[in-house]
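Please read the structure below before turning to the comments.
The values are calculated or read from the model by the stated rules, or taken from the named source; none is laboratory data. Note that the structure is predicted; figures quoted are calculated from it, not measured. Cβ atoms come from the backbone with ideal geometry, glycine included; neighbour counts cover every protein chain shown.
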Amino acid sequence: MSAATGMERPRIVIAGGGLAGLSLALALKRALAEGIDVVMCDPALRRDPHGDKRSYAIAAAARRMLEALGIWAGIADRAQPILDMVITDSRLQDPVRPTFLTFAGEVDGHEPFAHMVTAGDLTATLLEACRDSGVDLRAEGVRGFAVQGARTDVVLAEGGSLAASLLVAADGARSRLREQAGIGWISWPYRQSGIVATIVHERDHEGRAVEHFLPSGPFAILPLKPEPQADGSFRHRSSIVWTERAQNVPALLESHPEDLLIELERRFGLQLGKLAFETRPQAFPLSFGVARSFVAERLALLGDAAHVIHPIAGQGLNLGLHDAAALAEIVTDAMRLGMDPGAADVLDRYERARRADITAMGMMTDGLNRLFSNDALPVRLIRDLGLGLVDRMPGLKRFFIREAAGVSERQPRLLRGEAL
């Protein structure tokens, strides 16, 4: 036992049981096993994870990470590969939506550049793997912390405290732990909301994702795994991310269901036949946010506590999983060298590893939203010309697909499919 910390071995406490936090916990325990204690604290651990019907696009690099962690096999049969993608740009009232850009959905070795999975399936699989690996799952929150030299005392919401080498704040965009650490937050609203829902349609989507750029914001149709029915048929489903001007959203969601379905059809189109809502539409205000620092003394920010971006490229969750892969690798390598996982030089490596990637992705999504949520005719002509040029340049299209897939030799080992 260390006299300085009062711990038999290093302990890492993760405040927040979302997908990024669970992935980090599992990666650390799989890599270091009995050499580390990993404690996850979140009141939401009391809930049934299968109740979360949201859907996420898991990029190829993140899928490789889940495979390296040994959990992809548990959800692969419920994951829908995105086989191709179509991008259009039009006004809502236009009778025809011309296609300006198409992408085949494959990267190296005919691997789909993304899969659609439900949050409930992925969360449940991660939770089971964390329990089996020895992660200490506690259904209570973290109220605060106090750094005491070589440790931080993590104060639990229901009383008591834990001595830790490192506290990971994965407690969302309104992170209390980030605020307590005095880390600044740069942000601005988009005056848009994202409406999300699962849609049922008559015809098969054939694995195609569609992004309609409309003046109020992008309208994305993302394919979900068809559900087999008792009569041998399939229930065809897609997830939508409907970006709308914030002032229009209350009236839309409060409208009669048939009126809302008409508005959906105007944006979705009828190429997949008759539509119906499988889940009730929910709206979330959209904004940009990034922490001035991703670390403080014995504290690291993870996921939405570190950054929030526009969903136009579907990269929010993937950025959080990249955080988890980077932090797990840095902590694992440090501990194998006998270093303190919460030491300043270790955390500085994490800051350097993530800052450029997050800044670049934030700037890209912010710029794309400002460019495409714009109905000015000269802007539309320029962007449509640009989309058309990209469509005619196979090398550039391959570059964009690899970027969307997150595939790079510079990525952390887990994102390359390699064990820590």
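Worth a mention:
- Test: residue in the stretch 159-169 that is within 19 Å of the chain's Cα centre (by Cα) and buried (at least 20 other Cβ atoms within 10 Å of the Cβ): yes
- Residue tally, condition surrounded by 22 or more Cβ atoms within 10 Å (Cβ to Cβ) and acidic (D, E), over the stretch 306-350: 2
- Within the stretch 226-266, considering residues that are within 23 Å of the chain's Cα centre (by Cα) and crowded, with 19+ Cβ neighbours inside 10 Å, the one farthest from V379 (Cα to Cα): R237
- With respect to the conditions (1) within 21 Å of G303 (Cα to Cα); (2) in contact with a Lys or Arg (Cβ under 6 Å, 6 or more places away or on another chain), L137 falls short on a single one, namely (2).
- Screening the candidates A79, A61, A27, A15 for the property of being closer than 30 Å to I330 by Cα, of a type in the set (A, V, I, L, M, F, W, C), out of contact with any strand residue (DSSP E or B) (no Cβ under 8 Å at 6 or more places or on another chain) and modelled with pLDDT of 95 or more yields one hit, A27.
- The residue pairs whose first member lies in the stretch 181-201 and is over 23 Å from L368 (Cβ atoms) and at pLDDT 95 or above, whose second member is in a strand (DSSP E or B) and of a type in the set (D, E, K, R), and whose beta carbons are closer than 7 Å, counting only pairs six or more residues apart or on different chains, are T198/R237; I199/R237; V200/R235; V200/R237.
- Selection over the stretch 155-180 of residues that are in contact (Cβ under 8 Å) with a residue 40 or more places away in the chain, out of contact with any Cys (no Cβ under 7 Å at 6 or more places or on another chain) and over 24 Å from V290 (Cα atoms) gives a count of 5.
- Filtered residues of the stretch 278-298 (kept if among the aliphatic types (A, V, I, L, M) and either touching a Leu at 6+ places or on another chain (Cβ under 9 Å) or surrounded by fewer than 17 Cβ atoms within 10 Å (Cβ to Cβ) (or both)): A283, A291, V295, A296
- Per-region count, the stretch 89-106, residues in contact with a helix residue (DSSP H, G or I) (Cβ under 7 Å, 6 or more places away or on another chain) and surrounded by fewer than 19 Cβ atoms within 10 Å (Cβ to Cβ): 2
- The criterion of at least 1 residues that are surrounded by fewer than 17 Cβ atoms within 10 Å (Cβ to Cβ) and in contact (Cβ under 8 Å) with a residue 12 or more places away in the chain is met, among helices (runs of 4 or more DSSP H) falling completely within the stretch 1-88, by 60-68, 72-75.
- Hey, H310 touching a Phe, Trp or Tyr at 6+ places or on another chain (Cβ under 9 Å) and more than 23 Å from V147 (Cα to Cα) or not: yes
- In the set (1) farther than 12 Å from A25 by Cα; (2) in a strand (DSSP E or B), E158 fails one condition alone, (2).
- Among residues of the stretch 206-243 being in a loop (DSSP other than H, G, I, E, B) and among the hydrophobic types (A, V, I, L, M, F, W, C), the one that is nearest to D52 (Cα to Cα) is L224.
- Filtered by the rule that a residue be part of a helix (DSSP H, G or I) and in contact (Cβ under 8 Å) with a residue 12 or more places away in the chain, the stretch 129-154 gives A129, C130, S133.
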